[in-house]
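Encoded as structure tokens, the structure appears first; notes follow it.
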Amino acid sequence: MNDIETPIATIDPAQQNGKPLFVCYSRCSNCAKARAWLNEHNIDFTERDIKDDNPTTAELDRWHKKSGLPLKRFFNTSGQLYRNLGLKDKLTSMNEHEQLEILSTDGMLVKRPIVVNANTILVGFSPEAWSSALARTEDRIE
């Protein structure tokens with residue numbers, strides 16, 4: 001899977017607790033495209049800026065486990081901080097808990113945007129994948 005593909009994981013619909021959570025960074029062009037896509041598709045969401053309110057270790061752990069995705073997909077591997085910390089070489093020798101702890105230290109380490117709702121967790125933005133994954137959300141919006 002390349003970096004432009006969006007991993008999708010099914011989540012128990014019973015977990016739905018309101019609007020999808022849209023985790024983004026205000027200065028990220030992919031996040032701006034994703035926000036515009038959500039608005040164009042009339043999907044109501046709760047926005048959370050990852051720089052101001054980084055996901056906690058517990059949240060990241062929960063999202064990772066529910067998603068079934070490799071933990072590395074939650075890292076912003078193209079980010080400057082990721083490169084400056086040399087995480088490409090360090091992650092292989094770290095256990096899952098250590099990786100989650102590092103992810104929770106700075107929002108710039110986390111791949112974005114992320115959408116969390118009852119049916120899916122989306123990491124990164126791909127209009128095709130989002131259309132497929134969020135179709136049920138669109139259907140219920142009046």
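Inspection of the range 9-26 identifies at least one residue that is in contact with a helix residue (DSSP H, G or I) (Cβ under 6 Å, 6 or more places away or on another chain), at pLDDT 95 or above and hydroxyl-bearing (Ser, Thr, Tyr). The criterion of at least 3 residues that are within 14 Å of residue 60 (Cα to Cα) is met by the following helices (runs of 4 or more DSSP H) wholly inside the range 79-123: 96-103.
Every listed requirement among (1) more than 15 Å from residue 28 (Cβ to Cβ); (2) within 15 Å of the chain's Cα centre (by Cα); (3) not in a helix (DSSP H, G or I) is met by residue 58 save one, (3). Filtering the range 63-78 to residues that are part of a helix (DSSP H, G or I) and either surrounded by fewer than 17 Cβ atoms within 10 Å (Cβ to Cβ) or not charged (D, E, K, R) (or both) leaves 63, 64, 65, 66, 67, 71, 72, 74. Annotation note: Cβ proximity below 9 Å between a residue of the range 37-55 that is part of a loop (DSSP other than H, G, I, E, B) and a residue that is among the hydroxyl-bearing types (Ser, Thr, Tyr) and modelled with pLDDT of 95 or more (sequence gap 6+ or interchain) occurs for 50/25; 51/25; 54/104; 54/105; 55/104. Summed over the range 72-118, the residues that are of a type in the set (S, T, N, Q), under 12 Å from the mean Cα position of the chain (by Cα) and at pLDDT 95 or above give a count of 1. When the range 27-73 is examined, which residues are found to be under 20 Å from residue 98 (Cβ atoms) and touching a helix residue (DSSP H, G or I) at 6+ places or on another chain (Cβ under 6 Å)? Answer for the range 27-73, where residues must be under 20 Å from residue 98 (Cβ atoms) and touching a helix residue (DSSP H, G or I) at 6+ places or on another chain (Cβ under 6 Å): 54, 57, 60, 61, 64, 71.
The values are calculated or read from the model by the stated rules, or taken from the named source; none is laboratory data. These numbers come from a predicted model, not from an experiment. Cβ atoms come from the backbone with ideal geometry, glycine included; neighbour counts cover every protein chain shown.
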